[in-house]
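A.B. asks: Mind having a look at this structure? Questions to follow.
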Amino acid sequence: TATVTVTFKGNYSGTVKKAFEINPAKVSNVKLSSTSYTYNGKTKTPSVTVKDSKGRKLKKGTDYTVKYSSGRKNVGSYTVRVKFKGKYKGSKSLKFKIVPKGTSVSSVSAGVKSFTVKYKKQSTQTSGYQVQYAENSSFKNAATKTIGKNSTTSYSVNAKGNRKYYVRVRTYKKVGKSYFYSSWSKPSSITTKTALKF
């Protein structure tokens, strides 16, 4: 806030003071280079891009500073705090996540009105697995089952006989009250049996 003083002269006398505001320049866009990473044991440090209301790219160190939360290596959610400086005021916090490494289906074997899916063990930075199956390749109205042990590498499903099923699997890790999921594996398919053959 600043003040301007008007002083009258000649046939006019006295002064008048008026206040006016100088507002900080506006920041319209703050982005991270990536908001999701897959765990690989390395620290993640996404870069930050900041632009003003006219689309001009601001300079780190001159117009803003960046502070990363500690860790940023294991599966979880992390914060990047951008604090503006100079003619730019305020701050903005952004988040990114690290998800567990995925797995893949090893085999799917058909049973009588059932099938068993086996998948590769992925115990590093995981709590368990999710198996999803459906009667269509788009997995519409799919059923999802959670396996709570990362040492378990197979799951049997009771299903309808003589039906083709598509199945896929992913890993997950629970951090506090939050769950972090890998991407789904490539789907596999199997056709169940109606009865045993002798």
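A.B. asks: Counting only protein heavy atoms, what percent of the accessible surface of the range 12-88 is carbon or sulfur at a 1.4 Å probe?
C.D. replies: 47
A.B. asks: To the nearest 20 Debye, how big is the dipole of the range 127-198 about its Cα centre, given +1 on the beta carbon of each Lys and Arg and -1 on that of each Asp and Glu?
C.D. replies: Around 20 debye, computed over the range 127-198.
A.B. asks: Related question: Roll a 1.4 Å probe over the protein heavy atoms and report the accessible area of residue 38 in Å², nearest 10.
C.D. replies: Accessible area of residue 38: about 80 Å².
A.B. asks: Now, a different point. Say the dipole of the range 1-56 comes from +1 at the beta carbon of Lys and Arg and -1 at that of Asp and Glu; which of 16, 5, 33 then lies farthest toward its positive end?
C.D. replies: The listed residue farthest towards the positive side: 33.
A.B. asks: So what is the relative contact order for the chain, in percent, with contacts set as C-alpha pairs under 8 Å and at least six apart?
C.D. replies: Relative contact order, the chain: 17 percent.
A.B. asks: At a Cα cut-off below 21 Å, give the lysines reachable from residue 26, other chains included and same-chain residues fewer than 8 away excluded.
C.D. replies: Cα-Cα hits under 21 Å: 51, 54, 57, 59, 60, 67, 83, 85, 87, 89, 92.
A.B. asks: Could you tell me the largest-minus-smallest coordinate of the C-alpha atoms of the range 83-198 on each of the three principal axes, in descending order and whole angstroms?
C.D. replies: 82, 29, 21
A.B. asks: Would you work out which of 151, 64, 141 lies farthest towards the positive end of the dipole of the range 44-198, given +1 charges on the beta-carbon of Lys and Arg and -1 on that of Asp and Glu, about the Cα centre?
C.D. replies: 64
A.B. asks: While we're here: Dipole of the range 1-95, Cα-centred, from +1 at each Lys and Arg C-beta and -1 at each Asp and Glu C-beta, to the nearest 20 debye?
C.D. replies: 320
A.B. asks: Just the accessible area per residue of the chain, please: how many Å² with a 1.4 Å probe?
C.D. replies: 65
A.B. asks: Still on this structure, please answer the following. So if I place +1 on the C-beta of Lys and Arg and -1 on the C-beta of Asp and Glu, and nothing else carries charge, what would the dipole magnitude of the chain be about its Cα centre? I want it in debye, nearest 20.
C.D. replies: 280
A.B. asks: Can you list the HN-Hα couplings for the range 5-17, worked out from phi with the Karplus curve (6.51, -1.76, 1.60; θ = phi - 60°), rounded to whole Hz and with x for Gly and Pro?
C.D. replies: Here the 3J(HN,Hα) series is 10, 9, 10, 7, 8, x, 6, 10, 9, x, 9, 9, 10 Hz.
A.B. asks: Could I ask something else about it? At 20 °C and a viscosity of 1.002 mPa s, what translational diffusion coefficient does Stokes-Einstein give for the range 1-155, taking Rh as the Kirkwood radius over Cα pairs? Give it in µm²/s as a whole number. Could the numbers behind the result be given before it?
C.D. replies: Working: Rh = 21.1 Å.
Translational D for this selection: 101 µm²/s.
A.B. asks: For the range 113-118, in order, what is each residue's ³J(HN,Hα) by Karplus, 6.51 cos²θ - 1.76 cosθ + 1.60 with θ = phi - 60°, in whole Hz (x at glycine and Pro)?
C.D. replies: 6, 6, 7, 10, 10, 10
A.B. asks: Sticking with this one: Which order do the peptides 15-22, 143-150 take when ranked by the mean count of other beta-carbon atoms within 10 Å per residue, highest first?
C.D. replies: On the way: 15-22: 8.0, 143-150: 14.0.
Averaged packing, sorted descending, gives the order 143-150, 15-22.
A.B. asks: If Lys and Arg each add +1 and Asp and Glu each add -1, what is the summed charge of the other residues whose beta carbon sits under 12 Å from the beta carbon of residue 62?
C.D. replies: My count for the surroundings of residue 62 gives +4.
The values are calculated or read from the model by the stated rules, or taken from the named source; none is laboratory data. Since the structure is predicted, the reported quantities are computational estimates derived from the model, not experimental observations. FYI the Cβ positions are ideal-geometry reconstructions off the backbone, even for glycines, and counts take in every protein chain you see. Quick note on the areas: whole protein, heavy atoms, side chains included, nothing else; ligands and nucleic acids left out. Shrake-Rupley method; radii C 1.70, N 1.55, O 1.52, S 1.80 Å.
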